[in-house]
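Reading through the structure tokens given below for one structure.
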Amino acid sequence: MDHRFVGIPELTAVPRVAVVVDVMRAFTVAAWAFSRGAERIVLAPTVEEALALKEGRPGWLALKDGAPAAGFDAVNSPGLIRSRDFAGRTLVQKTTAGTVGALAVADAPLVLCASFVVAGPTARYLRAGAAGPVTFVVTGEDGRADEDLACAQYIGAHVSGGRVDPAPYVHRARNSRAAADLGAGRRAGCHPDDVELCLEVDRFPFAMVARREDSLTVLRPVTAPVNPAR
């Protein structure tokens, strides 16, 4: 299956199939939230809209990058949400890169959001049902973030050739600038375990698909075939 890798600023047209990658940490956090029972995640374009969405709908929760802030119920850290109970809840997520990338391609016929923790299921979902070339949106550092590019290339290799050794890709992510910043505590709202949690390959058995639902862009977990025909 043909694919290409672009940063958010390079998006000039709506792709047929988009895989939006944010390893550290938006779509690792989203996967953890689903594993903790969240029903859906609404992707918000701004902090203000995230709060407005939450405030207008009782029972919704909001999370964002950075330090804890008034009105937000969680921060964008897998280590800080992994023990939370989100059973049946709707979360509103706003991050610096991941949600921006997903919203930029929200009109594509198929949009998946991915990180290492759902890489294999994402590749299987693509092999089973994607029609057309795949555009991987590398969200960090305007497309230069090596943790996101490594994950995107790993998924792309998985789609093209079946089994792929994840070790070289994880090594690149472990040595990325984002990993260094998280490991040194230079990002607000982080946990000491965040880097390792972001580098777990196939921690979860689902892929994550973003679709328009009324006026919102909504992320939900989807089952990926175990061994789809190639």
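Read-outs throughout are calculated quantities, based only on the coordinates presented, and are distinct from any laboratory measurement. Here the structure is a predicted model, which is why all the values come from computation and not from measurement. Ideal geometry is used to build each Cβ from the backbone, glycine not excepted, and the neighbour counts take in all protein chains shown.
Here are the numbers for the structure shown:
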read-out: Two-site label geometry, Asp181 and Arg144: point separation in nm, points 7 Å out along Cα→Cβ; value: 1.2
read-out: Antiparallel %, DSSP beta bridges [both residues in the chain], to 5; value: 35
read-out: Contour minus Cα-Cα distance for Thr12 and Ser83 (0.36 nm per residue); value: 21.6 nm
read-out: C-alpha center-to-center spacing [region 62-112, region 26-58] in angstrom; value: 5
read-out: Size of charge dipole - the chain - debye, nearest 20, with Cβ of Lys, Arg +1 and Asp, Glu -1, no other charges; value: 460
read-out: The chain: equivalent-ellipsoid semi-axes (sqrt of 5 x gyration tensor eigenvalues, Cα, Å); value: 25, 20, 16
